[in-house]
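All remarks here apply to the structure that follows.
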Amino acid sequence: MSSITWAPERVSRDRLLRWLQDYGVYGALVVLLVVAVALNTNFLSASNWRVQLFQLAPTLLVALGMALVIGTEGIDLSVGAVIALAAAAIPLYIGYGPWAAIGIALLLGAASGIVGGSMVAIAGVQPIVATLSLMIGVRGLANLMNGDVAKPVGDSTLLGLGENTVLGVPVMAWIALAAAAVTGLVMRLTTFGRQLVAIGDNRPASRLAGLPVRRVLITVYVVSGVLSALAGVLIVGHGAEADPANQGLSMELNAITAVVVGGTPLTGGRVRVLGTVAGALFMQLITAVLTQHNVHESYTQIVEAAIICFAVYASRERGTR
């Protein structure tokens, strides 16, 4: 009798959790925008949105790579350090031309991903341990390469990537949106995307089925490294300086937050690219709203922590059913 009595309540709870994971971030975005406009009628102004997009673009790039890694039931804590490494490479190689410097920065990001991915896929090291050690080592290497002082970067090409706009939208935002579109197409239309999801859902079964588990795992970490390095390049261009000691700090947490809030479960087996875009935008706008109303940063961090906990809870509850 008790099972019959509680069944409707459990079904309603399951539906609510399913809706929250699938669509909650979009509903939260609408509510946040309504509140933001009510508090500040200039929130929807073009100038304010340009500022938000400048700040959003690097986080979104990193979050896209993080989403792929999390889709394989992994994690990449080295993304912030890779940003610092890419930033350190720019002033060292800018004398060979901006595109050479950018290319080297991206190669360094790829190399970092190969190391981290190999530790996970070949050596069998837990992703959190592998990328934590990589985070520490890469950050130290970046500081050694750059020194203790921030170095100015005045190349017009780099500054253009970080500061120019097209149709009123920052170039760096267009780059991030293009990366999101490509990532979405890869996940939806390619064999690689299906293999990634299968491996994240059940790695032993995928290995027995003959899927290229090692290759896919290494690839997602390489993609994460390259996107993080690209974010580092754009950060340098936007700020006109390379400062590895401070650039990329806490970026891994921001990226993980965007991915989780966007509905990608930490247990792997699913990648929500559009949700990741919405999650990154949602977290950026929350920070902006609180900052514009002089809310202390400590309270902002508490709000973000509460949102993360709720998103992880919704994801976990759905995954256990």
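The values are calculated or read from the model by the stated rules, or taken from the named source; none is laboratory data. On a predicted model such as this, the values are computed, not experimentally measured, just so you know. Quick reminder, even Gly has a Cβ in these numbers, built from the backbone with ideal geometry, and neighbours come from all protein chains shown. For the accessible areas, the whole protein counts, side chains as well, though only heavy atoms, and no ligand, DNA or RNA atoms are used. Shrake-Rupley method; radii C 1.70, N 1.55, O 1.52, S 1.80 Å.
Quick check on the range 309-321. Is at least one of its residues touching a residue at least 40 places away in the same chain (Cβ under 8 Å), outside any helix (DSSP H, G or I) and under 16 Å from the mean Cα position of the chain (by Cα)?
The answer is no; no qualifying residue exists.
When you look at Ser45, is it modelled with pLDDT of 90 or more, open to solvent by 30 Å² or more (accessible area, probe 1.4 Å) and of a type in the set (S, T, N, Q), yes or no?
The answer is no for Ser45.
Pairs please, first residue from the range 133-159 and on the phi > 0 side of the Ramachandran plot, second anywhere and part of a strand (DSSP E or B) and open to solvent by 50 Å² or more (accessible area, probe 1.4 Å), Cβ atoms under 7 Å, 6+ apart in sequence or on different chains.
Once the first residue is on the phi > 0 side of the Ramachandran plot and sits in the range 133-159, no partner that is part of a strand (DSSP E or B) and open to solvent by 50 Å² or more (accessible area, probe 1.4 Å) comes close enough.
Tell me, yes or no, whether the range 149-171 has at least one residue that is surrounded by 15 or more Cβ atoms within 10 Å (Cβ to Cβ), in contact with a strand residue (DSSP E or B) (Cβ under 7 Å, 6 or more places away or on another chain) and within 21 Å of Ser250 (Cβ to Cβ).
Checking the range 149-171: at least one residue is surrounded by 15 or more Cβ atoms within 10 Å (Cβ to Cβ), in contact with a strand residue (DSSP E or B) (Cβ under 7 Å, 6 or more places away or on another chain) and within 21 Å of Ser250 (Cβ to Cβ).
The rows are residues; the columns are (1) of a type in the set (A, V, I, L, M); (2) crowded, with 21+ Cβ neighbours inside 10 Å; (3) within 27 Å of Gln284 (Cβ to Cβ).
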{"residue": "Ala63", "(1), (2), (3)": "yes, yes, yes"}
{"residue": "Gly74", "(1), (2), (3)": "no, yes, yes"}
{"residue": "Ile83", "(1), (2), (3)": "yes, yes, yes"}
{"residue": "Ala88", "(1), (2), (3)": "yes, yes, yes"}
{"residue": "Ala105", "(1), (2), (3)": "yes, yes, yes"}
{"residue": "Ser118", "(1), (2), (3)": "no, no, no"}
{"residue": "Ala121", "(1), (2), (3)": "yes, yes, no"}
{"residue": "Thr131", "(1), (2), (3)": "no, yes, yes"}
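Can you name the number of the only condition in (1) of a type in the set (Ser, Thr, Tyr); (2) under 29 Å from Leu281 (Cα atoms); (3) surrounded by fewer than 24 Cβ atoms within 10 Å (Cβ to Cβ) that Ser78 fails?
Unmet condition: (3).
Looking at (1) touching a helix residue (DSSP H, G or I) at 6+ places or on another chain (Cβ under 8 Å); (2) part of a helix (DSSP H, G or I), can you tell me which one Phe43 breaks?
Going through (1) touching a helix residue (DSSP H, G or I) at 6+ places or on another chain (Cβ under 8 Å); (2) part of a helix (DSSP H, G or I) one by one, Phe43 breaks only (2).
Answer yes or no: is there a residue in the range 270-281 that is in contact with a helix residue (DSSP H, G or I) (Cβ under 6 Å, 6 or more places away or on another chain), open to solvent by less than 30 Å² (accessible area, probe 1.4 Å) and part of a loop (DSSP other than H, G, I, E, B).
yes
Does Leu16 satisfy the condition of being at pLDDT below 85, loosely packed, with under 15 Cβ neighbours inside 10 Å and not in a helix (DSSP H, G or I)?
Taking the combined requirement at face value, the residue does not satisfy it.
Considering only the range 90-103, state which residues are under 20 Å from Gly147 (Cβ atoms) and crowded, with 18+ Cβ neighbours inside 10 Å. I'd like the intermediate steps shown before the answer.
Our first condition is that a residue be under 20 Å from Gly147 (Cβ atoms); within the range 90-103, this holds for 90-96, 101.
Across the range 90-103, the qualifying residues are Ile90, Pro91, Ile94, Ala101.
I'm trying to understand the selection: among the residues of the range 110-148, which are in a helix (DSSP H, G or I) and either acidic (Asp, Glu) or touching a strand residue (DSSP E or B) at 6+ places or on another chain (Cβ under 8 Å) (or both)?
Asn146 - this is the single residue of the range 110-148 that is in a helix (DSSP H, G or I) and either acidic (Asp, Glu) or touching a strand residue (DSSP E or B) at 6+ places or on another chain (Cβ under 8 Å) (or both).
Give me a count of the residues in the range 164-182 that are on the phi > 0 side of the Ramachandran plot and touching a helix residue (DSSP H, G or I) at 6+ places or on another chain (Cβ under 8 Å).
Looking only at that region, the number is 1.
Is it true that some residue in the range 291-299 is more than 15 Å from Ile83 (Cβ to Cβ), free of Cβ contacts under 8 Å to residues at least 24 places away in the same chain and surrounded by 15 or more Cβ atoms within 10 Å (Cβ to Cβ)?
no
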